[in-house]
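Just so it is clear, none of the values below were taken in a lab; they were calculated from the coordinates. None of these values were measured; they are calculated from a predicted model. Here the Cβ positions follow ideal geometry from the backbone for every residue, glycine too, while neighbour counts run over all protein chains shown.
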Amino acid sequence: MAIQRKKADVVIVGLGWAGSLMAEELTRAGLEVVAIDRGPWLDTATDTPPAVDPDELRWSIRRELLLQPGEYTLTFRNNSGQTAVPTRELKAFQMGKSVGGAGFHWAGMAWRFSEWDFRVRSATLERYGAAKLKGLDQVQDWGITYADLEPFYDRFERIAGISGVAGNINGEIRPGGNPFEGPRSREFPTPPLKDSRLMQMYRDSTAQMGMHPFYIPVAHVGSAYVNPLGVSMAPCTYCGYCMFHGCGNYSKSSPQACVIPALMRRKNFTLITQGYVTKIHKAEDGKTATGVSYFDEQGREVVQPADIVALCSFTYDNARLMMLSDIGKQYDPVTQTGTIGRAYNYQTCAGAHVWFEDETLNPFIGAGGLGIQVDDYNGDNFDHSNLDFIGGAGLLTVSREGMPIGRSGLLPPGSPRWGKGFKQTYKDNYQNYGIIFGQGTSMPDRDAYLSLDPNYKDRWGTPLLRMTFDWNQNDRNMARFIEQRAVDIGKKMGAKHVHTFNSAAKSWSPYDENSNHTQGGMVMGEDPRTSAVNTYLQSWDAHNVFVVGASAFPTNAGYNPTSTVGALAIRTARAIHEKYQHNPGSLV
Amino acid sequence: MKRRDALRSMGALFAAAGLAKVGAVELKSVPPQTGLNREMLPSPVMSGGQGNVFKGQARATLTAVFDRLIPHDELGASASEAGCVDYLDAQMNGPYGESKDLYLDRPLRADESALMGLTISLRTRRDYTLAGLLFIDNHAQKLHGRAFAELDGEQMDAILRQLDEGRLDWEGAGSGSRLFEFLLLSVREGYFADPLYGGNRGMVGWKLVGFPGARYDYRQYIDRRGQDLGLEPISLIPVS
Ligand SMILES: Cc1cc2nc3c(=O)[nH]c(=O)nc-3n(C[C@H](O)[C@H](O)[C@H](O)COP(=O)(O)OP(=O)(O)OC[C@H]3O[C@@H](n4cnc5c(N)ncnc54)[C@H](O)[C@@H]3O)c2cc1C
Ligand code: SF4
C-alpha cells in the first residue's frame, strides 16, 4: 500500500528555476505548497565552495553535477521510420541532478526573447506572405506577446540580479545595449561586468562591419546586490569555473542562491528531496487531478494529494508524466492529431572557431555567459525576402574557454594533435583561440516529437521518453547562412585560421554536443487542437494541472531559454493565486 | 603528517562516488550544517599510483602509448613522467572505470552505433580500455612479432596513426578511431587535470600553456587586457 501524505494546496514536481519561482509566488500568497524533487539537497557554500569548485576534470569533463544516463535517459531516433535506441553516455541531454535543477550549474546567459519570437507565424505572414511558411505548417504563435510577459521578465531579472545594459527602455533606444530588443520597463538590476580582450576585439570588429554589438545579459551579478526576497549576492570574480560548475561566491544566480533561501523560511513550504514522481492521479471524472505519486529512495511509493499539480520537471518529464498519467492525447505524426509530445524543438547552432597570432587573450579569465553578441542576424531583424528560410541566430563570442583539458582539443585544423609538435602547437595557441557562436532559432516539424518508448525502461520500470528529431530544411538553410556570417566576423577580427562548424550539416545525434536547449512537446497556444496547454500553461485536459517550462515553447528563439521559463512560471503562479484558486476552472 | 598526506587520508575517508546525499527527506528549512560538506572533497591519488587496474603487459602498453601521444621533449615531461598512467589507473579503479554513469540496459541493437556513434558499448570503461590495449598489443605482435612497448618509436607511431586515421578497426567500423580518441582524451585529462588526480605532476601541463590553475578571483587582472600576467599556477593540493 502506498504511503499517504497530508493534502497540500499545490504540489510542485521539480524545484529548478521554474519550480522555485512558482513556489515563491504561491507561498507568498499564502498557499500550502509541497515541492518534490528527485535530486538531493545541494547548496553553494556547503557543496561547491572555492576549495571544491575550481576542478575542470570533475565538473566540466566528468560533469558530476549533471544527471547521468545510468539514472535517467531518453531514447532517440531521427525519424518515425527508425527504431529508437537509448542514449547511453552523457552528451547533449544535460539535466540537473540535484535540487535547483540545471539552474545550479548553467552558464547564465539570461535573455528575453524578442517580440517577433512570440508571433513567428503572424509576423511572417504579415511581412512576407503565406508562401514563406511553405513546409512550416506547425509554426504557430504563442498566444501571448512580449508585452504580456514583460512584467514577469522584469520580476525574474530582479530576483536573479541579472547583469546587463538595457538597449530599449520604454521604446527609447539606448547606447551600448541591444537595439533590437523589446522595450523594457527599466534598466537591469546589476551593471555589466568588464570586457575581456576577446570581447573588445569582437565589439570593435562587428561595429566596424555596421552591426550592433552589446553585452550579453548574464546571471553573474555585476555588483553586490540584495534581491527582492532579501537574499544577498556578491560580484562575480571572473573565476571561469562556471558552466557545469556550481559557484562558490554567491555570484551566479541559481535557485539556491536567489530563491530557495527565502522559500525555506516559509512555514507553508515543504520540500521533499529524492522523491521520483512517476504519476499524476486523475479524479474519477477524469477532468482534474488529485495529486501525484513518487518513489522515495527506499523504493516506497508515496502519494501526495493536492488541489493543484504543477509540473516543473523540465521538458522531458513534463511531457513524460502527462503520457504516463494518460492526460490528454498523444500526438500522432501520421494523422497530425493529439497534442501531447507535439512540436518538439531545439536550438540550431553554427559558427566558427578562430585562432589569432600573437594575442594574449588570458582565456582563463571569464564566466559562463561573459560575452558580446550581435542580433543583426537574429529572428526577423534582417530582410528574409530573398532568403530560403525564416529565423536566424544571435552571433556571440564568450570568454569561458580557458580550461586546459577542454582547450587541448581546440587546435587549428591540421596541427598535430599528439606526438611531436603537439606541445608546441598547444602552447602557441592557448592564448590565441576564440569562438563565434551562432545560437539559432528552431521551428517545429511534423516528425519532431516526444512519445513513450516501447522497449526501454528506467529503474522503476517506467518507459523512457522517446525523442524523434532531425533538422528540418528551414533550419538547415538558416544554419548555413549563419555559418557564413561567422566566417565574415572571424576574418574581420584578423584571425589566421577560421574553422566553421554547423550542427545542422548532418543528422542530429545526442552524441554531438550541440546545445542542451530542448523545448516544446507540451506547447502553449490558443487552440486546444494544436496546443497541450493554454496561455497560462494550464492543461486543456485537466484544469488543475499546470505544465511549466520550456516544454511550452511552440517555437524556439535564437537565445537561451531560461529567463523566458522564469517569466512564464511567475505569470502562471500569479494567475493561480489571483484567479484560479478562487474560481477553479479554465483560465481562458 | 604533512598537509598533503592529511588531505589524502581525508580523501580516503570521504571517498564518495558521485554526489553527497542527505537522504530522502522532508525539509522544512535550510539544513543546519552550513560549513563545507566534506563528502564533496575530491579524493587525491596516492603518489606513485596503486597499479590496481593496469598491471604487467597492460601497464607497459599503456605507458608506451601515452608516451607516444605526449612524449618527453624540451618542453617538458612525457605523459608517464607526468603521472598520466597513475592517473588513468586511479580513474579506472573508481566509479568512472566502473561506468556507473552509463545506461547499459539491453537490448543492444546492431545499428545502434551507426545511429548514435557509441564509444563504449555495453561494458565498463575499465574492460573496454584493457581490451583495447590488448588489441593494440596483439596487433604489434602480428606485424612485428614483438610487444607494442618493445617497438621503436616509428613503429609505434605507425600503428597509432592507423587507429587515428580510421585505417585499423577492432570490433566494427569506426571502433579503431574511437579507441584512439578515448586514449587521447584520457592522456590529455591526465596531463592537464589538477595534480590532485595523480597526473600533471609539478603542474607541468599548466606551466606549458600558462594556465594559472585553481585560482578563483581575477578581478584585479581583468583590466590588464592583452598582457602576460605571469601568474604561477596553484593546485587544489599543495604541490612541489
Ligand atoms: C550546462 C548548461 C548550461 C546552460 N546554460 C544556459 C544559459 O546560459 N542560459 C539559459 O537560459 N539556459 C541555460 N541552460 C538551460 C537552463 O539550465 C534550463 O533552461 C533551466 O535550468 C530549466 O529550468 P527548469 O526549472 O525548467 O528545469 P530544471 O532546472 O531541469 O529543473 C527541473 C527539476 O525537476 C526535477 N525533476 C525532474 N523530473 C522529476 C520527477 N519525475 N520527479 C521529481 N523531480 C523531477 C529535477 O531534479 C530538477 O531539479 C543551461 C543548461 C545546462 C545544463
Ligand atoms: S565566473 Fe563568476 S558567476 Fe561563474 S562561478 Fe565564477 S564567480 Fe561564480
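Return the subset of A:LYS427/B:LYS55; A:LYS252/B:LYS28; A:LYS134/A:LYS496; A:LYS6/A:LYS287; A:LYS420/B:LYS55; A:LYS252/B:LYS207 for which the Cα-Cα distance in this structure is over 31 Å, preserving the input order. Walk me through the intermediate numbers first.
Values: A:LYS427/B:LYS55 33 Å; A:LYS252/B:LYS28 25 Å; A:LYS134/A:LYS496 40 Å; A:LYS6/A:LYS287 22 Å; A:LYS420/B:LYS55 27 Å; A:LYS252/B:LYS207 29 Å.
From A:LYS427/B:LYS55; A:LYS252/B:LYS28; A:LYS134/A:LYS496; A:LYS6/A:LYS287; A:LYS420/B:LYS55; A:LYS252/B:LYS207, over 31 Å: A:LYS427/B:LYS55; A:LYS134/A:LYS496.
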Using the Kyte-Doolittle scale, find the helices of chain A whose mean hydropathy is at least 0.0 and whose Cα atoms extend 18 Å or more along the helix's long axis, counting only whole DSSP H runs.
-> A:562-578
5 angstrom amide H check on A:ILE169, placed H, neighbours 5+ away | A:ARG174, A:ARG184
Under Karplus coefficients 6.51, -1.76 and 1.60, residue-wise ³J(HN,Hα) of segment A:358-363 in Hz, glycine/proline x | 6, 8, 10, 8, 6, x
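Among A:HIS245, A:HIS497, what is the fewest-to-most ranking by other Cβ atoms within 10 Å?
Numbers: A:HIS245 27, A:HIS497 19.
Starting with the residue having the fewest Cβ neighbours, the order is A:HIS497, A:HIS245.
For B:92-105, what's the mean count of beta carbons from other chains sitting within 10 Å of each residue's beta carbon?
5
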Among trypsin sites (Lys or Arg not before Pro) in segment B:119-158, those in a DSSP loop whose Cβ has at most 15 other Cβ atoms within 10 Å are B:ARG123, B:ARG146
Looking only at other chains, what is the average number of their beta-carbon atoms within 10 angstrom of each beta-carbon in A:153-160?
-> 0
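Once the other residues with Cβ under 9 Å from the Cβ of A:LYS91 are scored (Lys, Arg +1; Asp, Glu -1), what is the net sum? Before the final figure, lay out the partial values.
Values: positive: none; negative: A:GLU89, A:ASP512, A:GLU513.
Local charge sum for A:LYS91: -3.
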Of A:231-237, A:576-582, A:368-374, ordering from highest average Cβ density within 10 Å down gives A:368-374, A:231-237, A:576-582
Reach of A:LYS579 by Cα under 16 Å, taken over aspartates and glutamates that are not fewer than 8 positions away in the same chain = A:ASP9, A:GLU25, A:ASP307
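Quick one: of the DSSP bridges fully inside chain A, what percent are antiparallel, nearest 5? Numbers along the way, then the final one.
Numbers: 55 of 82 bridges.
Roughly 65 percent of the DSSP beta bridges within chain A come out antiparallel.
Does segment A:63-196 classify as rounded, prolate or oblate by the C-alpha gyration tensor (a ≥ b ≥ c root eigenvalues; a/c under 1.5 gives rounded; else a/b over b/c gives prolate, otherwise oblate)? Could the numbers behind the result be given before it?
On the way: a/c = 2.66, a/b = 1.21, b/c = 2.20.
Oblate, because a/c is 1.5 or more while a/b does not exceed b/c.
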Lys and Arg at +1, Asp and Glu at -1: add these up for the other residues within a Cβ distance under 10 Å of B:MET92 and post the number.
-> -1
If you count, for every residue in A:461-474, the Cβ atoms of partner chains within 10 Å of its Cβ, what is the mean?
-> 0
Charge tally for neighbours of B:ARG219 with beta carbon under 14 Å away, counting Lys, Arg as +1 and Asp, Glu as -1, is +1
From phi via Karplus (6.51, -1.76, 1.60), per-residue ³J(HN,Hα) for segment A:62-75 in Hz, x at Gly/Pro | 6, 6, 5, 7, 9, 5, 8, x, x, 9, 7, 8, 10, 9
Cα-based shape type of segment A:78-126, given that a ≥ b ≥ c are square roots of the gyration tensor eigenvalues and the cut on a/c is 1.5 | oblate
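Once a ≥ b ≥ c are taken as the square roots of the eigenvalues of the Cα gyration tensor of segment B:65-163, is the result rounded (a/c under 1.5), prolate (a/b larger than b/c) or oblate (a/b not larger than b/c)?
Details: a/c = 2.35, a/b = 1.48, b/c = 1.59.
Here segment B:65-163 falls in the oblate category.
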